[in-house]
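What follows is a set of notes on a single structure, which appears directly below.
The values are calculated or read from the model by the stated rules, or taken from the named source; none is laboratory data. These figures come from a predicted structure and were not determined experimentally. Glycine gets a Cβ as well: all are built from the backbone with ideal geometry, and neighbour counts include every protein chain shown.
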Amino acid sequence: MKTKGLSTFASLRAGVVALVATALVITPLAVAHAADAPTFGKACTTEGVSTGQKTTSLICQTGANGKLTWQRVRLGSTNAQPVANLTPPKGSIEFHHWRSEDKVVLQGIIDDFQAKYPGTKITQVITDSTNYQNLELSKVSVNPKAALVTIFRGQQFTDFSKANMMVDLSNERFVKQNVIQSALTPGILNGKVYAVPYQSLFNNPIYNTEMFAKNGWKTPSNWTELLGFCKTAKAKGIIPFAWPAATKGNAGQIMNAMMMNSDSSIAAITQHVNDIQAGKELVTDAWFKGIATKYAQMNTAGCFPDNVVAYSDVAAQADFAAGKAAIYPTGTFGMGPIKALNPAMAGKMGIFGMIVVDSKPVFEGITNNTFMFSINPKASSTDQKLARSFMSYLLTSQVAQKYAVGTSQHVSVINVDYAENVDLLNTSVIMGKKLVLAPRFLFTNGAVATPVELALMAIGSGKDVATVLADTAKQIKTALGV
Amino acid sequence: MTSPARNSRNKKEKRILLWMALPAFAVYASLYLYPALSNLLYATQKWDGITKPEFTGLRNITYLLTQDDLFRKALGNNLRFMLVVVIFQTAFALLFATFLLKNSKTNIFLRIVFFFPTILSSVSVGIIWTFLYDPSYGSITAFLKAIGLGSHAPLWLGNESITLYSIALTQVWFHTGQMIVIYVAGLQQIPKELYEAAEVDGASRWQQFKGITWPMALPTTAVVVAYTTIQTFRAFDLIFAMTGGGPSYASEILVTQIYNTAFISQKFGYASAQSIVLVVLVLFITWLQRKTLRVNDGAK
């Protein structure tokens, strides 16, 4: 009996393995036509190719044995049973956000919603991101019609919570069941969900896959390789990293990579940041000096373009789109504008985690969720209901997919298929890596974050590390003393 | 002696006049007086704009004047920016105005051309000039390259020692046309007989300028200089669009710093103290300029 039982179990196991193996081959085949890209085939030969972001999706990744194998996309969702959107009451509300580049796609979604529910009206109110971060709280607090408000992760979320300007969304089914649960972290405070991240950004370098293949280059996987790559690319007359040092904000994106493996854990990194913000640790101390020194090393190795101090994000995107630069180091959100500059770049963009240590990295890449939906508690109950309904509509997989494909952004909604946008597919690889939430936003005090970022921009542009850090330490001391 | 009836009518008229002034006063009081007085109160507080303010007396002002190196840097930048813009904008405006004085069709057309940048939004001007200055794709660098001076092309907005002057050049381009119009209006008030008499006496054009145009244009110059000074202290949008105050605070001026203090560092009380210093400074400089020009005027 025992033997027979084992034998039966063994047969069953063999059957299951065969079934899974068949599914692994068939599933990518089924969607291969949709991707219409040379990198997407039946065999798992190109790291990063994935079938989408569904619970059943697969991604081609290096396994524990070092070989490429199809693996499940990590959704991080524990209760993936998506629900339909809520039915709205009639009425009109304002939807506040800062992404003017998404205006058209969002308007299409709004039009669909309004057509589906006559008597509803959603008006987009768009402000540029800098002013949005600085002024939105004041504006919304006196405007109850601004019922649906997007919030940045970090300082703005903290400010809104201090001012009690967000509604608790923890019990909404569309939040619990439609959103990748691990992506909710930036919108959670004291165990409650106050804001729902929509986009899943990956603030990692985008590289020109065609250029890399043509030159026989591999994306650098550690610090030595990275500096070596810079020298190689520079020698060929190619800008290794199109780092926009003149554009604050985007210049700060590589700060995430510089920080993510700067200590043994995110807790330790957080402690350094908190200590600097409390005046207990200085930017001239070992931890931050180590980060700053890496910028200087990259500058010395020729990683950055000539005249980097005046190199804007516009120039960086133009150089990358024109094939003059190998890497655009800010993140996936740059893919849309790059394709707009040069449509031929479609399907030629890959992503990699920027590892700036030679030891085993703690983290392999960066993710961020900046575009978070919240409800204004000062809005009338009817307007809040309408806002909730529209939010739940945005968080359904079909609508999120329309947004994702149209804006070239990954989203934090489950069951979204990226097959219609080959670049989203090609950069999905990063989802399978060990990611950390963009650590630069741990600096929540603007009086500290700004001089810190400016210091790194100056050092990356060739200024002396010790001098800049000494000045910065003084500025922070002054700012904290007020 | 006025009759009681007339007195009563006068009082009634005064009352009506007072009532008529009320709407304007209400607007002035709510949009200017109240915020200005509130600002004085905020300057004595530590306040992040969200939580309850904490009274700190004169600490913000004393800290600002004794400890804040960045404020001193912004102040120095602002004074240099003002000096360059006031000198060049006034000089160019006066120079062009003297050539465009007559109301001929060509002159009127040229006045419109020179005035045109003034009607653009300052953010648009900032973006346009940022593109012009771009070291990779900018037209200015391209032009310098075309004439063989590419290797000498400076980093207009990247070199800390020239960034402020590059923005000052944009500001001069932006507002010279506006000052030309003011100067033309002022110069046209100078009696022609003075120039005719000078010509009879054999005065050269330079002598005419020195002896007639300049002294007679002093009241207009006072207006132009005062207005330009105020413009340079509120050039927030241009600097914000072009450099954001960078690189390394090289183009930070007082208004950009006040904005950063209030909305990025969220120190509204301290920003209020900074704005008070700014207002006092602008008042003092304007008073000084007017006094200087009047003294010269009197000496003549």
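When restricted to residues that are within 11 Å of chain B (Cβ to nearest Cβ) and either farther than 24 Å from A:Val362 by Cα or part of a loop (DSSP other than H, G, I, E, B) (or both), region A:437-459 contains 12. Residues of region A:408-436 that are among the hydroxyl-bearing types (Ser, Thr, Tyr) and either within 14 Å of chain B (Cβ to nearest Cβ) or in a helix (DSSP H, G or I) (or both): A:Ser428 alone.
Which ones in region A:291-303 are over 25 Å from the mean Cα position of the chain (by Cα) and in a helix (DSSP H, G or I)? Those that are over 25 Å from the mean Cα position of the chain (by Cα) and in a helix (DSSP H, G or I): A:Thr293, A:Ala296, A:Gln297, A:Asn299, A:Thr300.
One residue alone among A:Val411, A:Val356 is closer than 19 Å to A:Phe157 by Cβ and either of a type in the set (A, V, I, L, M, F, W, C) or buried (at least 21 other Cβ atoms within 10 Å of the Cβ) (or both), and that residue is A:Val411. Residues of region A:189-239 that are surrounded by 13 or more Cβ atoms within 10 Å (Cβ to Cβ), of a type in the set (S, T, N, Q) and in a loop (DSSP other than H, G, I, E, B): A:Asn203, A:Asn204, A:Thr219, A:Ser221, A:Asn222. Restricting region B:246-273 to residues that are buried (at least 22 other Cβ atoms within 10 Å of the Cβ) and touching a Ser or Thr at 6+ places or on another chain (Cβ under 6 Å), the residue that is farthest from the other protein chains (Cβ to nearest Cβ) is B:Ser251. So which residues in region B:156-170 are in contact with a helix residue (DSSP H, G or I) (Cβ under 6 Å, 6 or more places away or on another chain) and crowded, with 24+ Cβ neighbours inside 10 Å, if there are any at all? Answer for region B:156-170, where residues must be in contact with a helix residue (DSSP H, G or I) (Cβ under 6 Å, 6 or more places away or on another chain) and crowded, with 24+ Cβ neighbours inside 10 Å: B:Trp156, B:Leu157, B:Gly158, B:Ile167, B:Ala168, B:Thr170.
A quick yes/no check of all residues on (1) touching a strand residue (DSSP E or B) at 6+ places or on another chain (Cβ under 9 Å); (2) within 30 Å of A:Asn445 (Cα to Cα); (3) of a type in the set (Phe, Trp, Tyr):
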{"position": "B:Pro4", "(1), (2), (3)": "no, no, no"}
{"position": "B:Lys11", "(1), (2), (3)": "no, no, no"}
{"position": "B:Ile16", "(1), (2), (3)": "no, no, no"}
{"position": "B:Trp47", "(1), (2), (3)": "yes, yes, yes"}
{"position": "B:Leu58", "(1), (2), (3)": "no, yes, no"}
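Is it the case, given these coordinates, that B:Thr51 is within 14 Å of chain A (Cβ to nearest Cβ), in a loop (DSSP other than H, G, I, E, B), without any contact (Cβ under 8 Å) to a residue 60 or more places away in the chain and surrounded by 10 or more Cβ atoms within 10 Å (Cβ to Cβ)? Spelling it out, B:Thr51 is indeed within 14 Å of chain A (Cβ to nearest Cβ), in a loop (DSSP other than H, G, I, E, B), without any contact (Cβ under 8 Å) to a residue 60 or more places away in the chain and surrounded by 10 or more Cβ atoms within 10 Å (Cβ to Cβ).
Considering region A:460-482, and only residues there that are in a helix (DSSP H, G or I) and at the interface with chain B (Cβ under 7 Å from one of its Cβ atoms), the residue that is surrounded by the most Cβ atoms within 10 Å (Cβ to Cβ) turns out to be A:Gln475.
Per-residue answers, yes or no, for (1) among the charged types (D, E, K, R); (2) within 13 Å of A:Tyr198 (Cα to Cα); (3) not assigned by TED's automatic domain parsing to the domain that holds A:Pro197:
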position	(1), (2), (3)
A:Phe363	no, no, yes
A:Phe373	no, yes, no
A:Lys378	yes, no, no
A:Gln401	no, yes, no
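Taking the options A:Met166, A:Met211, name whichever one is of a type in the set (A, V, I, L, M), touching a residue at least 24 places away in the same chain (Cβ under 8 Å) and outside the structural domain of A:Ala400 (by TED's automatic domain parsing). The unique qualifying residue is A:Met211.
Residue pairs whose Cβ atoms lie under 7 Å apart, sitting 6 or more positions apart in sequence or on different chains, and linking a residue in region A:126-140 that is facing chain B (nearest Cβ under 10 Å) and modelled with pLDDT under 90 to a partner that is assigned to a helix (DSSP H, G or I) and buried (at least 16 other Cβ atoms within 10 Å of the Cβ), are A:Gln133/A:Gln156; A:Asn134/B:Phe263; A:Asn134/B:Ile264; A:Leu135/B:Phe263. When the residues of region B:133-152 are filtered to those that are aliphatic (A, V, I, L, M) and surrounded by fewer than 17 Cβ atoms within 10 Å (Cβ to Cβ), the one that is farthest from A:Tyr311 (Cα to Cα) is B:Ile147.
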